[in-house]
Amino acid sequence: MSAELGHFALILALGVALLQWGVPLIGWRRRDARLLAFGASAAHAQFLCVLVAYACLTYAFVTKDFSLAYVAENDHTRLPLFYRVTAVWGAHEGSLLLWVLILSGWTVAVSVFNRRLPLEMGALVLSVLGAISVGFYLFILLTSSPFDRLYPVPTEGHDLNPILQDPGLALHPPVLYMGYVGFSVAFAFAIAALIGGRLDGAWARWTRPWTVTAWMFLTLGITFGSWWAYKELGWGGWWFWDPVENASFMPWLAGTALIHSLAVTEKRGLLKSWTVLLAILAFSLSLLGTFLVRSGVLVSVHAFASDPTRGLFVLGLIGVVVGGALALYAWRAPRLSAYGELNLLSREGLLLFNNVFLVCAAGVVLLGTLYPLVLDALGLGKISVGPPYFDSVFVPLIVPLILLVGLAATVPWKRARLAESLRRLRMPAAAALAVGLTLPLAIQGRTTLVAVAGTLLGVWAAGTAVQDLWRRVRSKADWRAGLTSVPRAAWGMNLAHIGLGVWAIGVACVTSFGAEKDVRLAPGAHAELGGYTFVFQGEREAAGPNYTAQQGSVLVEREGTTVARLYPQKRLYASQGTVITEAAIHPGPFGDLYVSLGEGYDDGSWSLRLYDKPMVRWIWLGGVLMFLGGGLAASDRRYRLARALERRSAQAAEATAA
């Protein structure tokens with residue numbers, strides 16, 4: 001009966017979400033405190049219902065209940081227990097259940113941590129989140145239930161997609177969804193502000209930590225996805241501009257712009273309408289990503305190919321949410337006027353330019369992703385938009401963006417003195433020039449324009465961040481006092497900018513110096529690549545819990561010294577008759593050696609693909625640093641203190657009015 005219990009729990013969650021949506025709105029209209037407070041209780045009840053449903057589906061996978069169609073499609077008696085648990089979100093229906101579980105978790109978090117908000121604002125935020133939840137519960141119950149029964153019951157399952165049988169699957173989707181879904185909170189705050197008519201610095205302070213938290217999880221999710229594709233797909237790439245990769249990258253770009261715009265609204269009370277629009281845009285792009293992944297319009301290793309009914313439902317949901325939000329925005333726009341001077345040579349002025357480049361970057365990615373789909377839908381033919389397009393239009397936008405990151409870190413709010421700003425830029429500019437010219441030579445013994453430019457930009461972003469921290473620390477008489485006086489938000493901002501710099505250096509070096517070679521080697525034969533000698537020592541049979549494999553052995557040497565022994569595999573998953581390549585990687589702080597096994601021949605030789613990937617791990621290190629920086633910024637103590645003070649002020653005002 002676990003399936004029936006799970007299905008009933010989802011129906012109950014839908015009912016609770018409807019109440020969470022409607023009751024606080026009625027309370028807001030009537031100014032009824034009891035009805036306004038109902039949203040928090042409903043949020044907890046909704047989370048409990050979804051948790052029960054998710055536990056029921058997990059139990060069905062663990063116990064191999066093939067009477068459920070979803071379990072029969074994605075489980076197998078020989079599938080290891082770890083992958084049975086991760087298979088819960090390995091396909092469309094289960095991943096959608098994970099989505100609503102995370103959405104309900106975000107809702108509970110808002111109800112718990114925002115108790116110090118004015119009661120009306122908190123209630124409106126929970127109401128908007130309840131409305132979003134209703135849409136997704138209907139999506140599951142009407143088109144995508146994971147609890148549908150199957151008759152007759154098969155004795156064996158079809159098995160989880162072999163490509164997804166990797167530890168990266170345990171990290172990538174849940175973390176990515178934390179970011180995707182987290183932007184619904186920023187969206188809810190924006191809609192609540194439009195409804196309530198309060199859009200000021202206090203609103204920006206309430207919204208900013210939630211937005212940063214969602215952004216940091218999306219950053220980590222994209223980083224995990226890049227790392228998983230690199231190690232699992234066997235082609236040695238870390239980003240391919242796949243449409244589903246772009247589906248997560250577009251809300252990341254919009255979310256990055258939103259974080260910086262919120263900073264301007266909080267500090268200066270400017271860009272209010274633009275900030276609200278960015279909050280709507282970030283969540284809209286998250287919903288668009290859901291459509292791309294779940295509509296069946298894309299063929300991708302990341303996508304859930306589904307029937308068109310699901311795509312139409314998501315498209316309708318996007319239309320209702322985005323259309324309703326923009327209509328409300330247009331109605332309330334006259335109230336969003338901001339009064340104040342915006343000097344272009346100031347931090348807020350440079351952050352505005354930062355926003356322009358980020359939104360333009362999101363726009364060109366959106367165009368490249370949707371244009372082939374629109375042409376195909378209109379019957380105008382099929383085209384492929386790949387890396388050449390994205391590299392040619394995205395790079396010219398990212399270069400000035402990184403320059404602006406460094407500039408904005410050195411100038412004050414309101415108005416900057418040009419001479420003072422240029423003086424502050426001398427040290428990071430000199431360091432960037434020196435390291436940009438020498439680091440590629442030191443690591444590779446040669447250089448290219450791309451390597452110099454990328455390293456220069458990376459050191460520029462990191463150097464200006466370090467300089468900003470140093471200036472804050474030395475402003476105190478004692479360095480210990482200086483360290484403790486720097487707020488977490490400043491540490492987090494600068495750590496994220498250092499991460500951006502590390503990422504830029506990694507991208508520049510692996511793009512400039514990465515090398516690959518396809519070879520056919522008999523046992524004992526060798527090939528040269530990047531100063532390394534790869535000796536093929538033969539192959540043998542190997543076996544895993546639910547697969548058999550041909551495992552090659554490759555000895556890697558440099559100048560007669562053994563560097564690594566690599567064991568790439570060609571795995572056969574008998575349940576599906578699927579053969580996949582499991583690459584062997586020798587990781588290092590300054591580069592990876594990567595070998596994937598191809599086809600075997602009658603004479604005992606094998607085809608192999610060899611890669612030398614200098615600095616590739618700096619790309620993911622940069623992502624992790626940005627994630628950590630986001631965590632520090634979101635946990636800044638001043639946000640909690642500000643909420644407490646504002647709640648007390650609101651209560652005092654209400655008492656005075658009474």
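Alpha carbons only, please: Rg and Dmax for the range 1-160, in angstrom.
Answer for the range 1-160, Rg first and Dmax second: 17.7, 59 Å.
Of the DSSP beta bridges with both residues in the range 515-617, give the percent that are antiparallel, rounding to the nearest 5.
Just about 100 percent of them are antiparallel.
Give the ranking of LYS64, LYS613 by solvent-accessible surface, highest area first, calculated with a 1.4 Å probe.
LYS64, LYS613
What's the long-distance tail for the chain, i.e. % of Cα pairs beyond 43 Å?
Counting pairs separated by more than 43 Å, the tail of P(r) holds 29 percent.
Ignoring ligands, DNA and RNA, what accessible area per residue does the chain give at 1.4 Å, in Å²?
Averaged over the residues of the chain, the accessible area is 42 Å².
Go through the range 1-36 and name the trypsin sites (Lys or Arg not before Pro) that are in a DSSP coil and have 15 or fewer other Cβ atoms within 10 Å of their Cβ.
ARG31
May I ask you to derive the FRET efficiency for ALA330 and ALA170 from their Cβ-Cβ distance with R0 = 35 Å, giving the value to the nearest 0.05?
Working from the Cβ atoms, E equals 0.20.
Can you give me the pair-distance distribution of the range 515-617, C-alpha pairs, 5 Å bins, whole percents?
3, 13, 24, 24, 17, 12, 6, 2, 0
Could you work out the local net charge near ALA527, counting Lys and Arg as +1, Asp and Glu as -1, over the other residues with Cβ closer than 13 Å to its Cβ?
-2
Dividing the convex hull volume of the Cα atoms of the range 157-243 by its residue count, what figure in Å³ per residue is obtained?
134 Å³
Between the range 348-366 and the range 465-521, how many Å separate their Cα centres?
Using only Cα atoms, the two centres lie 22 Å from each other.
Over the Cα atoms of the range 194-285, what Rg and Dmax result, in angstrom?
Cα radius of gyration and Dmax of the range 194-285 are 16.1, 53 Å respectively.
Pick out, in residue order, every one of the GluC sites (Glu not before Pro) in the range 496-581 that is DSSP loop and has at most 13 other C-beta atoms within 10 Å; say none if there are none.
Answer in residue order: GLU559.
Mind checking the full-extension length gain between ARG415 and ARG149? Use 0.36 nm per residue of separation minus the Cα-Cα distance, one decimal, nm.
Value of the extension gain: 89.2 nm.
Please give the contour-minus-distance gain from ARG638 to THR63: 0.36 nm per residue of separation, less the Cα-Cα distance, rounded to one decimal in nm.
This chain segment gains 202.2 nm when fully extended.
Let's test the formula: R0 of 35 Å, r as the Cβ-Cβ distance of ALA542 and PHE590. What FRET efficiency results, to the nearest 0.05?
The formula returns an efficiency of 0.70 here.
If the cut-off is a Cα-Cα distance under 14 Å, which aspartates and glutamates reach LYS414, setting aside same-chain residues fewer than 8 apart in sequence?
GLU266, GLU341, GLU348
Hey, for a label at VAL579 modelled as a point 7 Å past Cα toward Cβ, could you say which residues of the range 522-552 have their backbone N under 16 Å away?
Under cut-off, by backbone N: 539-542, 547-552.
Which lysines have a Cα lying under 24 Å from the Cα of LYS231, excluding residues fewer than 8 positions away in the same chain?
Partners found: LYS517, LYS570, LYS613.
What's the extension gain from LYS517 to ARG31 if we count 0.36 nm per residue and subtract their Cα-Cα distance?
Taking 0.36 nm per residue and subtracting the Cα distance, the gain is 167.9 nm.
Using alpha-carbon positions, what is the distance between the centroids of the range 563-610 and the range 194-227, in Å?
Value for the Cα centre distance between the two parts: 41 Å.
Please list, by residue number, every one of the trypsin sites (Lys or Arg not before Pro) in the range 411-453 that is coil in DSSP and has at most 16 other beta-carbon atoms within 10 Å.
LYS414, ARG415, ARG417, ARG446
Leaving out ligands, DNA and RNA, what percent of the accessible area of the range 226-269 is carbon and sulfur, probe 1.4 Å?
Its accessible area is 67 percent carbon and sulfur atoms.
The values are calculated or read from the model by the stated rules, or taken from the named source; none is laboratory data. All values derive from a computational prediction rather than experimental measurement. Virtual Cβ from ideal backbone geometry, glycine too; neighbours counted across all protein chains shown. Only protein heavy atoms, including side chains, enter the accessible area calculation; ligands, DNA and RNA are left aside. Shrake-Rupley method; radii C 1.70, N 1.55, O 1.52, S 1.80 Å.
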